[in-house]
Amino acid sequence: MLKVEIADGNGGYRAEIRRRLNSDNKEMSPPGLMVYSDPYRLEENRPITAVDAGGSTAMNVNGSTAGGTPDAIHDGTDTTLWTASNLSGTNFVFNSTDPDSAADRSIDAVATVNNNEALLTRASTLTFANYTALTGNIYVDSWPTAGTKEVRFRFRLDGVDIGTTIDLSSYINTGTQNTWQSFIIPLTEFALAGTDIDELVITTVDIGGGQPPNYYLDDLSLASTGATGSPTIYTIAPNGGETILIYGFVYNIVFPFNPTATVAGATENFVANQYLSYDKFAHLPTLPNGLTVRRIQDNNVGFSNIVTTNWDLLKATNHIIETFVSDGTNTMLKIATQFTGPVELNGNRGDRYEFIVNDDLTDLLAFEIRGRATTLTPASG
C-alpha cells in the first residue's frame, strides 16, 4: 500500500478520509475524501441601459435620413450619377431591368462570384463630414448559409482605401428574400480617415460551400447632415476591465394609445394587447428602415437583426409582453427577451450590443432598452 498525503503545501491543512454515519452510528457509504468547491467567478446584478455617445438613454429620437441634400451615388443608371465600372471581374451589370422594369433599373450582382468588385466613382471629391450615412436598397434573390457569404462596402480616395470595410449583412435581414429592403449604414461605422472620398467599392464574398449571394442594389446614396435626423447608435457594453453576462433585454416603450376603444358590434371592451397591431412598432406604422440590433464580440459581428414591427419583437418563443398598462390615453409596453444562455461581453475587447435607430421615433413618449445582466468578479481565496 502506498501512503499518500494531500496538503496545501504550507503544512497547515491536510485532506482527511471521513465516514458518513447515520443516526444509528452506522456507515451510510464507504469512507472517502471530503471535498467542497467554490465558484471560480461570482455574479452580481448589473443594471445597464443602452446609451448613445452622449450618455442619453432616450431612444425616441429622429434617426431618419430623410431631407437635406443627399448625394446620390447610383440608381441603376436611371439618372447620371457616379460612374460605374467593374473593378474585378466582369459580372456586375449596372443597368439591369431585373427585378424591376425598364423604367426603374438597378445594379445586378446575380452573376458575381467571390471577390468580384464594382467601382463607383464620383466626378469630384466629396467631404464626408457633410454626410451621415450610406443608404440604399437591396433585393436578395438568395443568400446561402454555408460558408462565408457577404456583400461588402468600402470607400476610397484616388484609388486608395480609406477607413474600414463594412459587411452589409450586419444591416439587413439576409433571410428576407425576393423583395426590396432598405438599409442604412452610419458613416461612423466606416471609421473614415481624412476628410474626402471619391469612390465606393462593392465586393461579393463567397468562401466555402454553396453558391455566392445573389442580389440587386438600387438607390445608393449618402444621407446629408441637413436631413431631419441621423442614425443614432446606442450601446450596452461593459466598462474596460469588466466582464458582464447578458441574459436578455427589456424594451420599455410608452406611446399615445387607447387600448380600450370599443370594436363595432362588440358588447364590451377587449383586453389591451388584443388591440396591439402586429404590423406596427408600438402604435407607429411599420418602420421603413427598422431598429438594427447587433452583437459585436472581439471586433466581429456575431448577430444582427432588423426590428420593424411588434411582430419582430414578439415572434420568438422567449419574447413576451411582461407589462401592458394604460390610463386610457397613453400606454406603456414592456417586452422582455430571454436568451437560451447568457452572452459574455468582455470590456477589454470592446464587446457590446448595438441598437441603431434609423427612423423617426419622436412620436413615442419614451423608449429605452435595458439589459438583464450580471457582472463577473473572480472569487477570492
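Checking each residue in the range 69-91 for being in a loop (DSSP other than H, G, I, E, B) and within 18 Å of Ser221 (Cβ to Cβ) picks out Thr69, Pro70, Asp75, Gly76, Thr77, Asp78, Thr79, Thr80, Leu81, Trp82. So is Glu242 surrounded by fewer than 21 Cβ atoms within 10 Å (Cβ to Cβ), among the acidic types (Asp, Glu), modelled with pLDDT of 90 or more and not assigned by TED's automatic domain parsing to the domain that holds Thr127 or not? The answer is yes for Glu242. Screening the candidates Thr179, Thr125, Thr112 for the property of being closer than 23 Å to Asn95 by Cα and modelled with pLDDT of 95 or more yields one hit, Thr112. I'd like to check something: does the range 49-60 contain any residue that is in a strand (DSSP E or B), modelled with pLDDT under 75 and farther than 30 Å from Asn114 by Cα? Looking through the range 49-60, none of the residues is in a strand (DSSP E or B), modelled with pLDDT under 75 and farther than 30 Å from Asn114 by Cα. Within the range 315-360, restricting attention to residues that are within 14 Å of Leu291 (Cβ to Cβ) and of a type in the set (A, V, I, L, M, F, W, C), the residue that is farthest from the chain's Cα centre (by Cα) is Ile335. Here the range 297-325 is the region considered, the condition is being closer than 18 Å to Glu189 by Cβ and out of contact with any strand residue (DSSP E or B) (no Cβ under 9 Å at 6 or more places or on another chain), and the residue that is surrounded by the most Cβ atoms within 10 Å (Cβ to Cβ) is Asn300. The condition (being assigned by TED's automatic domain parsing to the domain that holds Leu87, at pLDDT below 95, surrounded by 15 or more Cβ atoms within 10 Å (Cβ to Cβ) and within 18 Å of Val113 (Cα to Cα)) is satisfied by just one residue among Thr145, Thr174: Thr174. For beta carbons closer than 6 Å, sequence separation of 6+ or different chains, a first residue in the range 223-235 that is touching a residue at least 60 places away in the same chain (Cβ under 8 Å) and a second that is assigned to a loop (DSSP other than H, G, I, E, B) and β-branched (Val, Ile, Thr), the qualifying pairs are Ala223/Thr65; Ser224/Thr69; Gly226/Thr69; Ala227/Thr65; Thr232/Val61.
Restricting to the range 61-83, give me the number of residues that are at pLDDT below 95 and more than 26 Å from the chain's Cα centre (by Cα). Matching residues across the range 61-83 total 8. Residue count for the range 333-380, restricted to those that are assigned to a loop (DSSP other than H, G, I, E, B) and either free of Cβ contacts under 8 Å to residues at least 24 places away in the same chain or within 13 Å of Thr243 (Cβ to Cβ) (or both): 6.
Every test in (1) surrounded by 15 or more Cβ atoms within 10 Å (Cβ to Cβ); (2) under 29 Å from Leu42 (Cβ atoms); (3) modelled with pLDDT under 95; (4) hydroxyl-bearing (Ser, Thr, Tyr) is passed by Thr377 save one, and that test is (1).
Can you say whether Phe155 is part of a strand (DSSP E or B), more than 19 Å from the chain's Cα centre (by Cα), crowded, with 18+ Cβ neighbours inside 10 Å and in contact (Cβ under 8 Å) with a residue 12 or more places away in the chain, as far as the supplied structure shows? Considered against the rule, which asks whether it is part of a strand (DSSP E or B), more than 19 Å from the chain's Cα centre (by Cα), crowded, with 18+ Cβ neighbours inside 10 Å and in contact (Cβ under 8 Å) with a residue 12 or more places away in the chain, Phe155 comes out as yes.
The values are calculated or read from the model by the stated rules, or taken from the named source; none is laboratory data. Fair warning: this is a prediction, and the values are worked out from it, not measured in the lab. Glycine gets a Cβ as well: all are built from the backbone with ideal geometry, and neighbour counts include every protein chain shown.
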